[in-house]
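Engineer: Here it is, the structure in full.
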Amino acid sequence: MGAMEWSGGQAERPGRGRRVLVVGGGIAGLGAAQRLRAHRAFSQLRVLEATARAGGRIRSERGFGGVLELGAHWIHGPSRGNPVFELAAEHRLLREKDLSEENQRMETGGHVGLPSVTYASSGVSVSRELVAETASLFHSLIDQAREFVRGAAAPAPSVGEYVRGALRALAAGWTDREDARRLRLALMHNFLNVECCVSGTHSMDLVALAPFGEYTVLPGLDCTFPGGYQGLTNHIMASLPEDMIIFNKPVKTIHWNGSFQEAASPGETFPVLVECEDGVCFPVHHVIVTVPLGFLKEHVDTFFEPPLPTEKADAIRKLGFGTNNKIFLEFEEPFWEPGCQHIQVVWEDMSPLEDVASQLQDVWFKKLIGFWVLPSSESVHVLCGFIAGLESEFMETLTDEEVLLSLTQVLRRVTGNARLPAPRSVLRSRWHSAPYTRGSYSYVAVGSTGEDIDRLARPLPEDGAEAQLQILFAGEATHRTFYSTTHGALLSGWREADRLIALQDPQAQQPGPQL
Ligand SMILES: Cc1cc2nc3c(=O)[nH]c(=O)nc-3n(C[C@H](O)[C@H](O)[C@H](O)COP(=O)(O)OP(=O)(O)OC[C@H]3O[C@@H](n4cnc5c(N)ncnc54)[C@H](O)[C@@H]3O)c2cc1C
């Protein structure tokens, strides 16, 4: 092992305290660091971030004349009680209308709003009435799927199988003509794919039915950050000393339950040694691990030494972590109507009641649910497409030219306009290929339950050994009711900071919401 390192600097205040490392500079890690820094016992604090930037899956880039959100897009449930909404409001990062009481009171049930226009693969647009009726039916099935959390025996293992079973029964009673019936099913197929984007999964057949309703939807009409989501993490960063975060410092192994020493602190022993990929090691009292579940899944056998207790390693293996990506297309001129916000794309040859075996390269683009229209100006016309699952991971392996060509063909076909000008350029996220993320966000997979989230979140060691709270776990995947969100991630970082503060100072008043 290489040199041990714990240099001084601004981040360190005089006096001996508990030495804490936070692994990961996403919103969970930054939130934990900010909370700990406010407490005098934690003057020796560092954040190690594998990449060259903070924010993790909150990633806003300037491009195509505006802001492109490569990661988190909306505040889900922007209302008082949602800490991301409250911080964003405090820092004046939101639009006036999104702060209004009316917006905050809006109950969407967590469902995506109706598209402005729906194009079908035969080149026709689908009537708004049919789309609204089908969406309402689909959303009622999803609402029913959430009810099994109340204890009624779940009739199927997965949300997908439950919805398809219900659909099959309903479709048996439909009396429409064959083509109308096909269109209804094609719409349902699209709505299932939307749900795959929401859950960050390849198929709703992978999402466990019984615990599905544990995910909690907060009131409020989802809103975006006009200047970029990253404004939020930048604000947290600005409150921390500059040298507190060490960038390009990927952690390789966390050695725990040990007795580590360093030359600079004679006589002192530390139970944890954090070893980085470059060989540098940090002896510490506590480490808060906030790396994504996708990274943990890939490195579960080597990231901890001694290895994790079986229950926790199993929870990591069983919980779901899939891919949802964005594809931004920039156009010379808009082909959509003024005021259009959301374009849905439906494939009439797809049905949730039929499995079609095909090669990914031939059909990957059919998983794309459609496009959101980004705020435009006279010269800026940008669409943002969403695509989840294995098709999304396959898309990551293609070149920009291949993606642009396929989506130009899709748009020409569904608009029925063979001369529709190709987009000027394309830009996309590639969350599955990102080595320190390996996907987009977590879900409760078939074979796991909300209890696995709690198991993942439980600090180590679990047996009340003398050196308590050696490894703490935060990050979106550790929040039982708000997993997959920025507010779940932030709350999990605060939760673990508060846990450490309570260990040092049992009388401490915990600030902020405890959702
Ligand atoms: C495409 C997409 C769309 C999304 N849309 C929304 C949305 O609309 N609304 C919403 O609320 N949420 C959304 N999310 C989810 C949200 O972005 C995440 O839940 C949240 O940002 C996760 O924060 P985190 O701190 O838990 O993890 P991260 O932000 O992933 O932070 C973890 C950090 O750990 C670092 N790391 C990993 N391995 C190591 C290592 N070995 N050593 C050191 N550092 C390491 C990573 O580089 C990363 O910076 C979306 C995510 C994606 C990908």
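Engineer: Go through (1) open to solvent by less than 50 Å² (accessible area, probe 1.4 Å); (2) free of Cβ contacts under 8 Å to residues at least 12 places away in the same chain; (3) assigned to a loop (DSSP other than H, G, I, E, B) and name the single condition Ala153 misses.
Structural biologist: For Ala153, the exception is condition (1).
Engineer: A further question on this structure: Going by what's in this entry, would Thr253 be described as within 24 Å of Phe85 (Cβ to Cβ), within 14 Å of the ligand (Cβ to nearest atom), at pLDDT 95 or above and not hydrophobic (A, V, I, L, M, F, W, C)?
Structural biologist: Taking the combined requirement at face value, the residue does not satisfy it.
Engineer: Just name the residue that is farthest from Ala388 (Cα to Cα) out of those in segment 55-78 that are more than 10 Å from the ligand (Cβ to nearest atom) and open to solvent by 10 Å² or more (accessible area, probe 1.4 Å).
Structural biologist: Restricting to residues being more than 10 Å from the ligand (Cβ to nearest atom) and open to solvent by 10 Å² or more (accessible area, probe 1.4 Å), the top hit is Gly65.
Engineer: Check Ala52 against each of (1) surrounded by 23 or more Cβ atoms within 10 Å (Cβ to Cβ); (2) more than 22 Å from Ile501 (Cβ to Cβ) and name the one condition it does not meet.
Structural biologist: Only one criterion in (1) surrounded by 23 or more Cβ atoms within 10 Å (Cβ to Cβ); (2) more than 22 Å from Ile501 (Cβ to Cβ) is unmet by Ala52, namely (1).
Engineer: Do any strands (runs of 3 or more DSSP E) entirely within segment 226-307 hold 1 or more residues that are farther than 19 Å from Ala32 by Cα and open to solvent by less than 10 Å² (accessible area, probe 1.4 Å), and if so, which?
Structural biologist: 272-276, 281-284
Engineer: Now for a different question. Among what's in segment 435-444 and is part of a loop (DSSP other than H, G, I, E, B) and surrounded by 24 or more Cβ atoms within 10 Å (Cβ to Cβ), pick the residue that is farthest from the ligand (Cβ to nearest atom).
Structural biologist: Of everything passing the filter in segment 435-444, Val444 is farthest from the ligand (Cβ to nearest atom).
Engineer: Here is a follow-up. Looking only at segment 87-136, filter to residues that are in contact (Cβ under 8 Å) with a residue 60 or more places away in the chain and touching a Lys or Arg at 6+ places or on another chain (Cβ under 7 Å); which one of those is surrounded by the fewest Cβ atoms within 10 Å (Cβ to Cβ)?
Structural biologist: The qualifying residue surrounded by the fewest Cβ atoms within 10 Å (Cβ to Cβ) is Gly123.
Engineer: Identify the residue in segment 411-421 that is touching a Leu at 6+ places or on another chain (Cβ under 7 Å) and surrounded by fewer than 21 Cβ atoms within 10 Å (Cβ to Cβ) and, among all such residues, is nearest to Ser492 (Cα to Cα).
Structural biologist: Of everything passing the filter in segment 411-421, Arg412 is nearest to Ser492 (Cα to Cα).
Quick grid of which residues meet (1) without any contact (Cβ under 8 Å) to a residue 12 or more places away in the chain; (2) more than 16 Å from the ligand (Cβ to nearest atom); (3) not in a loop (DSSP other than H, G, I, E, B); (4) not acidic (Asp, Glu):
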site: Ser433; (1), (2), (3), (4): no, no, no, yes
site: Gln468; (1), (2), (3), (4): no, yes, no, yes
site: Ala477; (1), (2), (3), (4): no, no, yes, yes
site: Gly493; (1), (2), (3), (4): no, no, yes, yes
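Engineer: Considering only segment 10-33, state which residues are at pLDDT below 50 and either surrounded by 11 or more Cβ atoms within 10 Å (Cβ to Cβ) or within 12 Å of Pro283 (Cα to Cα) (or both).
Structural biologist: Hits for segment 10-33 are Ala11, Glu12, Arg13.
Engineer: Just checking, how many residues over segment 351-368 are closer than 21 Å to Leu170 by Cα, under 27 Å from the mean Cα position of the chain (by Cα) and hydrophobic (A, V, I, L, M, F, W, C)?
Structural biologist: Total satisfying the criteria: 0.
The rows are residues; the columns are (1) under 30 Å from Ala166 (Cα atoms); (2) in contact with a Ser or Thr (Cβ under 7 Å, 6 or more places away or on another chain); (3) part of a loop (DSSP other than H, G, I, E, B).
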position: Glu330; (1), (2), (3): no, yes, no
position: Ala357; (1), (2), (3): yes, no, yes
position: Gln361; (1), (2), (3): no, no, no
position: Ser376; (1), (2), (3): no, no, yes
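Residue by residue, here is whether (1) in contact with a His (Cβ under 7 Å, 6 or more places away or on another chain); (2) under 30 Å from Ile343 (Cα atoms); (3) modelled with pLDDT of 95 or more holds:
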position	(1), (2), (3)
Gln409	no, yes, yes
Arg413	no, yes, yes
Leu427	no, yes, yes
Arg438	yes, yes, yes
Val444	no, yes, yes
Glu451	no, no, yes
Leu456	no, no, yes
Leu469	yes, no, yes
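The values are calculated or read from the model by the stated rules, or taken from the named source; none is laboratory data. Computed from a predicted structure; not experimentally measured. Methodologically, a virtual Cβ is constructed for each residue, glycine included, from the backbone with ideal geometry; neighbour enumeration extends over all protein chains shown. Remember, those area values only see protein heavy atoms, side chains included, never the ligands or the DNA or RNA. Shrake-Rupley method; radii C 1.70, N 1.55, O 1.52, S 1.80 Å.
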